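Engineer: Input: one structure, supplied below.
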Amino acid sequence: MDLGILTLILVYVVFPNLRYRLFSSKVIKKFHPESNTVVLTFDDGPDPRYTPELLDVLKKNNVKCTFFVLASQAQKYPYLIKRIVSEGHCIGLHSLKHTNAIFTSPMKTKKDLEKSIKILGELGVDVKVFRPPWGMFNPVTCHYAKIHNFKIILWSLHAMDWSRWVNSDYIKHKIIKKVKPGDIILLHDGRGANHAPKRTISALKTILPILKKEGFNFAMAKDL
Ligand SMILES: [Zn+2]
């Protein structure tokens, strides 16, 4: 491989992702609760096919969570953003259109964040928490997140709910079996294979009452 390309890959992809995903105190992947608390997060929405039903399930179980939204989706479906906010959930940013930071230039990374902040600001959302798509970083992601005073939130537990190979029983069993206090749980209310969020929502109808019965509380990402 050309030495220049190898250096670029190391500097732009390998080093920042090792640093921020594994070693940075600026990135929150798990927390240390005083009580039996977890944070439930949904990425890639809002989507009119799934988000309303998810909100119904959350309301029925009296659970508050965090939606890491795509600003392009928020712009298309402002009524969903308004409903998420009015029902007491937290909104975080998950980029404009789900582009992967390792394929995005520094300038485009900056523009993506600024356009997203503008769109969400016009919808009355003051962004405090940010999760980059796929949890991937380039060297400037954290720099711009710092300029905008975002907390960067990744996750400690997921159930591959985006995958076509996973059904709602798998999601249910994985979350219920593995969840521990302090976990940040990653799920999705948009994108994914073969209407993936439908499987997630179906699983949540069982997961939420069980977690509540086991004494779990639900915090939001902005409170970490
Ligand atoms: Zn995503």
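Engineer: Is there a residue in segment 96-106 that is over 17 Å from the mean Cα position of the chain (by Cα) and of a type in the set (A, V, I, L, M)?
Structural biologist: Yes: one or more hits.
Engineer: Now a separate question. Give segment 93-133 a look and list any residue that's more than 16 Å from the ligand (Cβ to nearest atom), without any contact (Cβ under 8 Å) to a residue 24 or more places away in the chain and of a type in the set (A, V, I, L, M, F, W, C), or say none.
Structural biologist: Selection gives Met107 alone.
Engineer: If you go through segment 86-111, how many residues are modelled with pLDDT under 95 and surrounded by 23 or more Cβ atoms within 10 Å (Cβ to Cβ)?
Structural biologist: The number of residues fulfilling the criteria is 1.
Engineer: Let me ask something else about it. Go through segment 183-194 and give me each residue that's more than 22 Å from Ile91 (Cβ to Cβ) and more than 16 Å from the ligand (Cβ to nearest atom).
Structural biologist: Asn194
Every residue, every condition in (1) farther than 20 Å from Asn61 by Cα; (2) not hydroxyl-bearing (Ser, Thr, Tyr), yes or no:
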residue	(1), (2)
Asn100	yes, yes
Leu120	yes, yes
Pro132	yes, yes
Thr141	yes, no
Ile176	no, yes
Ala193	yes, yes
Ala196	yes, yes
Ile210	no, yes
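Engineer: Across segment 200-224, what is the number of residues that are under 30 Å from Val125 (Cβ atoms), more than 16 Å from the ligand (Cβ to nearest atom) and either assigned to a helix (DSSP H, G or I) or not aromatic (Phe, Trp, Tyr) (or both)?
Structural biologist: Looking only at segment 200-224, we keep the residues that are under 30 Å from Val125 (Cβ atoms), and these are 200-205, 207-209, 211-212, 216-224.
Filter once more, keeping what is more than 16 Å from the ligand (Cβ to nearest atom): 201-205, 207-209, 211-212, 216-220, 222-224.
So of that shortlist, the ones also either assigned to a helix (DSSP H, G or I) or not aromatic (Phe, Trp, Tyr) (or both) come out as 201-205, 207-209, 211-212, 217, 219-220, 222-224.
Residues that pass the stated criteria total 16.
Engineer: Separate question: Which condition breaks for Cys90 when tested against (1) closer than 23 Å to Lys59 by Cα; (2) under 13 Å from the mean Cα position of the chain (by Cα); (3) within 13 Å of the ligand (Cβ to nearest atom)?
Structural biologist: Only one criterion is unmet by Cys90, namely (3).
Engineer: I'd like to verify a number: residues in segment 59-95 that are touching a Cys at 6+ places or on another chain (Cβ under 6 Å) and of a type in the set (S, T, N, Q), how many?
Structural biologist: 1
Engineer: Could you check segment 1-73 for helices (runs of 4 or more DSSP H) lying wholly inside it with 1 or more residues that are buried (at least 17 other Cβ atoms within 10 Å of the Cβ) and β-branched (Val, Ile, Thr)?
Structural biologist: Output list reads 51-60.
Engineer: Going by what's in this entry, would Lys82 be described as open to solvent by 10 Å² or more (accessible area, probe 1.4 Å), away from the ligand (no atom under 16 Å from the Cβ), modelled with pLDDT under 95 and not in a loop (DSSP other than H, G, I, E, B)?
Structural biologist: Values: open to solvent by 10 Å² or more (accessible area, probe 1.4 Å): yes; away from the ligand (no atom under 16 Å from the Cβ): yes; modelled with pLDDT under 95: no; not in a loop (DSSP other than H, G, I, E, B): yes.
Spelling it out, it is not the case that Lys82 is open to solvent by 10 Å² or more (accessible area, probe 1.4 Å), away from the ligand (no atom under 16 Å from the Cβ), modelled with pLDDT under 95 and not in a loop (DSSP other than H, G, I, E, B).
The values are calculated or read from the model by the stated rules, or taken from the named source; none is laboratory data. These numbers were taken from a predicted model, which means no experiment stands behind them. FYI the Cβ positions are ideal-geometry reconstructions off the backbone, even for glycines, and counts take in every protein chain you see. Each accessible area value is taken on the protein alone, full model and side chains, heavy atoms only, with ligands, DNA and RNA left out. Shrake-Rupley method; radii C 1.70, N 1.55, O 1.52, S 1.80 Å.
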